[in-house]
Amino acid sequence: MAWNFSEKKETRAGFGEGLLEVGKENPNVVALCADLTESLKMDAFAKAFPERFFQVGIAEANMMGIAAGLTIGGKIPFTGTFANFSTGRVYDQIRQSIAYSGKNVKICASHAGLTLGEDGATHQILEDIGLMKMLPGMTVINTCDFNQTKNAVKAIVNHIGPVYLRFGRPAVPNFTDPNAPFIIGKALHLTEGEDVSIFATGHLVYKALQAYEILKDEGISAEVINIHTIKPLDTEAILKSVSKTGCVVTAEEHNKFGGMGESIAGYLSTVYPVPQEFVAVNDQFGESGKPDELMKKYHLDVPDIVEAAKRAILRKKGGRNNC
């Protein structure tokens with residue numbers, strides 16, 4: 001299948017459109033924002049439903065407490081702020097007020113990862129997936145483009161229980177089917193392959209598809225799977241793919257500790273251990289810079305996925321890990 005990467009749109013804009021749609025369909029949907037309404041693209045919802053929008057200001061912990069309380073009256077709250085402020089700043093409130101009691105809050109986090117860019121390390125959270133996936137009962141979703149983010153919003157509104165929805169700031173290729181239903185916990189099989197399984201999430205999905213084309217030209221058959229839901233993990237799809245290919249690459253815009261790759265490694269170690277290579281940030285904080293430059297510096301780019309695939313295949317064949 002030929003993937004079209006020419007159209008670029010912001011994943012956060014997909015969140016904004018999805019929020020407006022579910023707001024029109026369900027009068028119980030409410031939205032809360034911590035002084036970043038336009039950045040989170042929540043302004044359309046705020047204008048359409050001013051009585052259901054709450055601007056709490058720079059008070060993220062209070063926002064989580066209010067959201068938890070609103071669920072008691074049957075409301076479905078969507079909170080919005082940057083991923084760093086959605087998780088690290090308010091972890092205690094999420095743990096105690098939302099996760100522990102299973103409140104039906106949708107924690108929607110924009111500007112995740114390195115592609116936040118020039119705002120630097122204080123705003124670029126790379127450990128949020130780990131923080132959220134460790135909370136019992138928390139569903140964790142990391143979408144790859146505008147269409148998938150919009151469809152994820154329409155899916156999580158019907159899911160009962162807390163959800164962490166992670167997306168980004170920049171415009172990235174918008175290549176998934178706009179009409180494809182988003183099924184929580186169901187990975188998307190993008191290419192067929194025999195030599196290596198590449199499991200990618202978020203902004204690394206389109207880079208994994210670009211890597212697939214390079215590998216194909218070199219005679220390497222890669223299977224690319226979009227892991228948009230990190231918890232619950234689609235273990236059936238993972239095992240089916242790895243049973244065929246015998247080696248794995250995981251690619252994510254996150255610290256390698258606590259991320260999707262670690263979840264997949266933990267699962268496979270118990271049922272089907274195989275060589276695995278991680279394309280992820282190697283236990284570092286981010287820094288200020290252009291998003292594309294940061295992705296290159298931290299080895300989250302297409303050539304890094306290609307080389308990781310070759311290393312995984314070499315290890316599978318029993319060779320030295322020196323390519």
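Just so you know, all these numbers are worked out from the coordinates, no wet-lab data involved. All values reported here derive from a predicted model rather than from experimental measurement. Positions of Cβ are backbone-derived with ideal geometry, glycine not excepted, and every protein chain shown enters the neighbour counts.
Quick notes on this one:
- Simple label model, 7 Å out from Cα along Cβ direction - K316 to Q96, nm: 4.9 nm
- Within the stretch 8-173, percent of DSSP bridges classed antiparallel, to nearest 5: 10 percent
- Principal-axis analysis of the Cα atoms of the chain puts helix 146-156 at an angle of about 60° to the longest axis.
- Under 20 Å from the Cα of K216 - aspartates and glutamates, other chains or at least 8 residues apart: E192, E194, D195, E277, D301, D304, E307
- Residue-averaged 222 nm ellipticity for the chain, from DSSP H runs of 4+ at -39500 (n - 2.57), nearest 500: -10500 deg cm²/dmol
- Separation of alpha-carbon centers, the stretch 233-249 and the stretch 9-35, rounded to whole Å: 34 Å
- The residue list F167, T122, S241 was ranked by how far each Cα lies along the charge dipole of the chain toward its positive end, using unit charges on Cβ atoms, and S241 comes out on top.
- Restraint check, K186/K240; K154/K256; K150/K186; K256/K317; K41/K150, Cα-Cα greater than 20 Å: K154/K256; K256/K317
- Against the chain, whose longest principal axis comes from its Cα atoms, helix 302-316 is set at around 50 degrees.
- Segment N62..K296, full-extension length gain: 80.5 nm, with 0.36 nm per residue of separation and the alpha-carbon distance subtracted.
- Three-way shape call for the stretch 188-316 based on the alpha-carbon gyration tensor, with the a/c threshold at 1.5: oblate
- Nearest 10 degrees, 0 to 90: helix 60-72 Cα axis against the chain principal axis: 70 degrees
- With neighbour counts taken as other beta-carbon atoms within 10 Å, the residues I94, I198 rank, fewest first, as I94, I198.
- Shape call, the stretch 8-173: gyration tensor on alpha carbons, a/c limit 1.5: rounded
- Taking label points 7 Å from Cα along the Cα-to-Cβ direction, S243 and I160 give a separation of 3.3 nm.
- Look at where the Cα atoms of the stretch 72-92 and of the stretch 270-323 average out, and the two centres are 32 Å apart.
- Gyration tensor (alpha-carbon) shape descriptor, the stretch 44-110, a/c threshold 1.5: oblate
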